[in-house]
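One structure below.
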Amino acid sequence: MASYTNKIKQTNYVIQTALLDLLGTVSFNKVSVNQICAKADINRSTFYRHYVDKYQVLDEIEQEIITQLGAIPRNEFEQSTSISDLALNLEVIIDQMLDIVQGYQNTLSLLLGENGDANFQNYLKQVFLTRMEGSWQKIHRHLKVDNHHIDRELSADFIVAANMSILYYAVKHPMVSHQQITETFTKLLIRGPLNTLYQSISTED
């Protein structure tokens with residue numbers, strides 16, 4: 001039974017890898033099941049024993065990444081009692097996100113590229129937004145912040161956009177260290193973009 005399960009997983013992996021390889025040169029909309037089969041060196045009947053269509057293959061690839069990102073622990077971040085704690089715990093979350101990005105570097109590059117899935121970016125945004133909305137009240141309660149005059153939707157959208165920027169930057173610049181990305185993002189979020197830029201210019205002078 002175990003060997004049969006492993007064989008299924010191996011075939012799924014071969015099919016997924018074939019699709020990703022094709023996305024290096026062909027738009028997903030133009031990829032056919034025949035092309036996937038040829039790339040994976042399998043016949044159509046084998047493909048359809050594992051997947052309904054190419055969309056299910058793509059969805060399985062994307063869901064694996066989304067599940068990993070959605071599973072990043074946030075308990076300590078949500079229980080931060082000071083801005084310094086918040087910054088420190090945020091760095092831990094970002095570092096874990098960057099580890100996931102590194103593990104799926106090539107896959108993310110293809111999915112977010114011109115031949116990838118145009119909807120994948122929206123899926124990622126929704127993951128970040130859902131997590132942020134769930135954390136919002138807890139963070140403000142522990143920090144004892146009066147948030148009645150703060151637009152929650154705008155604030156959440158800002159942080160989600162920042163998370164997406166980190167993800168895109170890490171995918172595009174794999175040689176930049178996690179520490180550098182994490183520290184820069186934390187400064188931008190905690191101090192604000194203009195203040196961070198001003199301090200950076202002042203240091204250079």
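The values are calculated or read from the model by the stated rules, or taken from the named source; none is laboratory data. On a predicted model such as this, the values are computed, not experimentally measured, just so you know. Neighbour counts are summed over all protein chains in view; Cβ atoms, including those assigned to glycine, are modelled from backbone coordinates with ideal geometry.
Here's a check for you: in the range 144-183, which residue that is among the β-branched types (Val, Ile, Thr) and under 18 Å from the mean Cα position of the chain (by Cα) is modelled with the lowest pLDDT? First the steps, then the outcome.
Just the residues of the range 144-183 that are among the β-branched types (Val, Ile, Thr), to begin with: 145, 150, 159-160, 166, 171, 176, 181-182.
Now narrow it down to the ones that are under 18 Å from the mean Cα position of the chain (by Cα): 159-160, 166, 171, 176, 181-182.
Values: 159: 77, 160: 82, 166: 91, 171: 94, 176: 93, 181: 90, 182: 87.
Restricting to residues being among the β-branched types (Val, Ile, Thr) and under 18 Å from the mean Cα position of the chain (by Cα), the top hit is 159.
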Q.
What pairs come out if I take residues in the range 6-18 that are within 13 Å of residue 44 (Cα to Cα) and in contact (Cβ under 8 Å) with a residue 40 or more places away in the chain and pair them with residues that are surrounded by 15 or more Cβ atoms within 10 Å (Cβ to Cβ) and of a type in the set (Ser, Thr, Tyr) whose C-beta lies under 8 Å away, six or more apart or interchain?
A. 15/51
Q | Residue match in the range 17-37 (condition: over 28 Å from residue 170 (Cβ atoms) and at pLDDT below 95) | A | no
